[in-house]
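Report on the structure given below.
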Amino acid sequence: MLNTVLLIIIPFICLILPEIIIRGGSESIAWISSHPTQFIVSYAILFGLINTWYVLPRRMYATVGALTASLLTVGGFISHQKLILRGEPLLPWDFKIGKEALNISQNFEYFNSLPTLLFIVICVFTAVIWIGFRLIPKENYRFPHKFSTALPSLALVLILVQPVSLQEAFSLNLIDWNQKANYTENGMVLSFILNTNATRLAVQEPELYHKSTIKNIIYQKVPAAKVVNSGLSPNIIVVMSEAFWDPTVMDGISFSEDPLPYFHLLQQSYTSGIMLTPVYGGGTANTEFEVLTGFSTQFLPQGTTPYVQYVNKPLEALPAILKSQGYKTTAIHTYHDWFYRRNSVYPYLGFDRFLSQESFINPEYYGSYIRDTELSQKILYVMQQTPQPDFIFAVSMQAHGPYSSNEDPHAAIRVDGDLKPETKAILENYTNIIADVDKSLELLIEGVKLIKEPTMIVFFGDHLPMLGKDMDVYREAGYIQNDYAYSDYCKKYSTPILAWDNFSTGRQDLRLSANFLGSYVLDRSMNTGSTLTGFLSTLYAQGSTVITAAQYRHHEKLSAEDCAKYALLQYDCLIGNEYVYKFNPLNKPIVNHQFVLGHGPVVVDNVLYPDNHVLEVEGMDFCQNHIVYVNNSPVDTEFVDGTLLKAALPVAYLNSDEALFVQVKLADHGENIITESEVYTVTSPLAVN
């Protein structure tokens, strides 16, 4: 009877203890009832894993179970602490970043060093073993009976812990772009196992990867760094416009008016063309990764999101390069800061700050997303607040899909062509959205003209919009007909790009893939680059400006030899031993420890106490999401404007003569604190009287 109880209860304890550490007791029970499939699958995995050891004598089996529970509990504790510090839980690839993990452990809420934590773990293990052998009674050991239970348990766990089949068999949702939500839905054990599928996407070390090979590439293909034109140092604004595309390029489709009049006007006088992106219909972060780093996702396993799997250390990315040359580096996105782990990745890329949707004051929305004109206004505001040149990387959201298949009777622009009614409605709705996006581009460039600083603006789409379930709009319009033809491949992965500036003359016709854009920006703005961007500049000068999927590379000018050298340099910088910095040690990137979310620490200048019910908090850079905390507890907060918040005092403080400790905090959608002010002490009027 005791054996049966142990068989059932030990896996349950192993499952529930880390959940209690992470969520709390009541929320753990709520998770079981709200996500029964995830609970049952998690329990079945642990049942098979732990009961494989049932072949051992009872005391040893119980001890193994207790040790497993202890390990998972420690994992739950680490995951909980990492959630507090970084806004994301413990992940499989965390074990690949030793130094960063050690740094994280220094900030644990309860333990300030890894040795302390290890000492406690050892003590717990010792206690568990002692209890197991002292308190668990012996059994009449029968190997055949024990083996007949252990073998099916082993088979069960081997069947279940197949990440791909596990996910498909039980319709599990791996939310890899928001691991906090992933662990909330699937639980720690199951989420960790599902994430191991990502760890299988490891990049194999190239056969010719050696220090000497990297040295030869550097000295043969990378030109000496040019002298920076210090008299220029233009502002550089890169706008990655969500799903921006020009539908007027489709033959046989007409529009009641030009949806992109300003964009088309600029195309006539300024550099423009097409950019090949690595994704279609989604995967914004992969285009962003290529633009900012110069790396190509074509050298990575299909299905990867580099921000999730690979960016866990400082990289010599575009913002880091420009920061080293005196630029203020700012990322702006009109969506959540945690999306695609940007809040964790951007410090590794060299950004000084990241303004997400939480930093916008009373923004205007277009549908479900902040209107792109708000993004343009934020860019102009940031430019005017900094004395040094700016590098601003801005990501919009207004044109994000899906696009309704219902006709909008109020649509200003009408579409005509040989399309089904539903397909026509999708294209028409998308067209009216980007017509408004065109106005945001006009607002930005005309605003920059008024600032009268040397400025370069690069504007492009991150990927084609997903117009229909199976590229319905493109197929019905005859724009894309053959999934395997190279011409249609190029159309599927090409978006418009425009490069405007107020300090050069002449225009160019561009055709490049996203990974070449960073080196192009550096060359055009006359700034020094890195070893990798220097290599890419050399290729660009030779006419090798596009890298495609492997099966299409023979259509482009990039030779197999240069492609192999490119892959070696990328492997060395992103995953390998960083030999490149043995030869250029001054270029080795570091984490930007001054990185902040939002405009920076909120400043509270004064707190007025007009009566016993309301506090008036005066300061700078307040927005709707700022919350006033009194004695470290949030209180009802009213946003008045960027300089004033009103806070209702809790009943407990109404008649108290004790001082109040007031702080203003800003949290994101995931309830992670983005920034907070210093504590401001307020004396109660009762104490004065």
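The values are calculated or read from the model by the stated rules, or taken from the named source; none is laboratory data. The structure displayed is predicted, hence computed values, not measured ones. Cβ: placed from backbone, ideal geometry, glycine included. Neighbour counts: every protein chain shown. Just the protein is used for accessible areas: all its heavy atoms, side chains included, with ligands, DNA and RNA removed. Shrake-Rupley method; radii C 1.70, N 1.55, O 1.52, S 1.80 Å.
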Go through the residues of region 633-641 one by one and say whether even a single one is at pLDDT 90 or above, more than 33 Å from the chain's Cα centre (by Cα) and either under 14 Å from Thr675 (Cα atoms) or not in a loop (DSSP other than H, G, I, E, B) (or both). no
Considering only residues that are in contact with a Lys or Arg (Cβ under 6 Å, 6 or more places away or on another chain) and more than 19 Å from Asp462 (Cα to Cα), look in region 366-398 and name the one that is surrounded by the most Cβ atoms within 10 Å (Cβ to Cβ). Asp390
Tell me yes or no: at least one residue of region 474-492 is touching a residue at least 24 places away in the same chain (Cβ under 8 Å), buried (at least 19 other Cβ atoms within 10 Å of the Cβ), in a strand (DSSP E or B) and not β-branched (Val, Ile, Thr). no
Could you list, in sequence order, the residues of region 650-681 that are farther than 30 Å from His80 by Cα, open to solvent by 60 Å² or more (accessible area, probe 1.4 Å) and in a loop (DSSP other than H, G, I, E, B)? Asn655, Asp657, Glu658
Any residue that is over 25 Å from Tyr552 (Cα atoms), out of contact with any strand residue (DSSP E or B) (no Cβ under 9 Å at 6 or more places or on another chain), among the aliphatic types (A, V, I, L, M) and part of a loop (DSSP other than H, G, I, E, B) - is there at least one of those in region 520-532? yes
Subset of region 218-229 (residues that are among the hydrophobic types (A, V, I, L, M, F, W, C), at pLDDT 60 or above and surrounded by 13 or more Cβ atoms within 10 Å (Cβ to Cβ)): Ile218, Val222
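Filter region 315-330 for residues that are in a strand (DSSP E or B) and open to solvent by less than 10 Å² (accessible area, probe 1.4 Å) and give the result.
So the first thing to find is which residues in region 315-330 are in a strand (DSSP E or B), and the list is 328-330.
Residues satisfying the conditions are Thr329, Thr330.
Scan region 545-571 for residues that are polar (S, T, N, Q) and assigned to a loop (DSSP other than H, G, I, E, B) and report the count. Spell out the reasoning first.
Filtering region 545-571 for residues polar (S, T, N, Q) gives 545, 548, 551, 559, 570.
Add one more test, that the residue is assigned to a loop (DSSP other than H, G, I, E, B), and what stays is 545, 548, 559.
Residues that pass the stated criteria total 3.
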Any residue in region 271-283 that's under 7 Å from His463 (Cβ atoms): show its pairings with residues that are among the aromatic types (Phe, Trp, Tyr) and open to solvent by 30 Å² or more (accessible area, probe 1.4 Å) at Cβ separation under 9 Å, as long as the two are six or more apart or on different chains. Thr277/Tyr493; Val279/Tyr493; Tyr280/Tyr493
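When you scan region 589-600, do you find a residue that is part of a helix (DSSP H, G or I) and in contact (Cβ under 8 Å) with a residue 60 or more places away in the chain, even just one?
Going through region 589-600, the residues part of a helix (DSSP H, G or I) turn out to be none.
No.
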Within region 349-365, restricting to residues that are modelled with pLDDT of 95 or more and in a loop (DSSP other than H, G, I, E, B), the one that is most open to solvent (accessible area, probe 1.4 Å) is Glu364
Of the residues in region 395-450, how many are among the acidic types (Asp, Glu), without any contact (Cβ under 8 Å) to a residue 60 or more places away in the chain and more than 25 Å from Val291 (Cβ to Cβ)? 4
Scanning region 493-525 residue by residue, those surrounded by fewer than 18 Cβ atoms within 10 Å (Cβ to Cβ) and among the hydrophobic types (A, V, I, L, M, F, W, C) turn out to be Phe503
Go through the residues of region 426-447 one by one and say whether even a single one is exposed (fewer than 14 other Cβ atoms within 10 Å of the Cβ), out of contact with any helix residue (DSSP H, G or I) (no Cβ under 7 Å at 6 or more places or on another chain), assigned to a helix (DSSP H, G or I) and modelled with pLDDT of 95 or more. yes
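Test of understanding: among Tyr307, Tyr262, Tyr340, which residue is at positive phi and assigned to a helix (DSSP H, G or I)? Before you say what the answer is, go through the steps one by one.
On the way: Tyr307 fails: at positive phi; Tyr262 fails: at positive phi.
Unique residue meeting the criteria: Tyr340.
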Restricting to region 642-676, and then to whatever is touching a Phe, Trp or Tyr at 6+ places or on another chain (Cβ under 9 Å) and of a type in the set (S, T, N, Q), can you tell me which residue is modelled with the highest pLDDT? Gln663
Pairs please, first residue from region 40-69 and closer than 28 Å to Gln167 by Cα and open to solvent by less than 10 Å² (accessible area, probe 1.4 Å), second anywhere and outside any helix (DSSP H, G or I) and hydrophobic (A, V, I, L, M, F, W, C), Cβ atoms under 6 Å, 6+ apart in sequence or on different chains. Val41/Phe170
Which of the residues that make up region 193-217 are modelled with pLDDT under 90, part of a helix (DSSP H, G or I) and not hydroxyl-bearing (Ser, Thr, Tyr)? Ile193, Leu194, Asn195, Asn197, Ala198
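For region 535-581, which residues satisfy the criterion of being over 14 Å from Lys221 (Cβ atoms) and among the basic types (Lys, Arg)?
Arg553, Lys557
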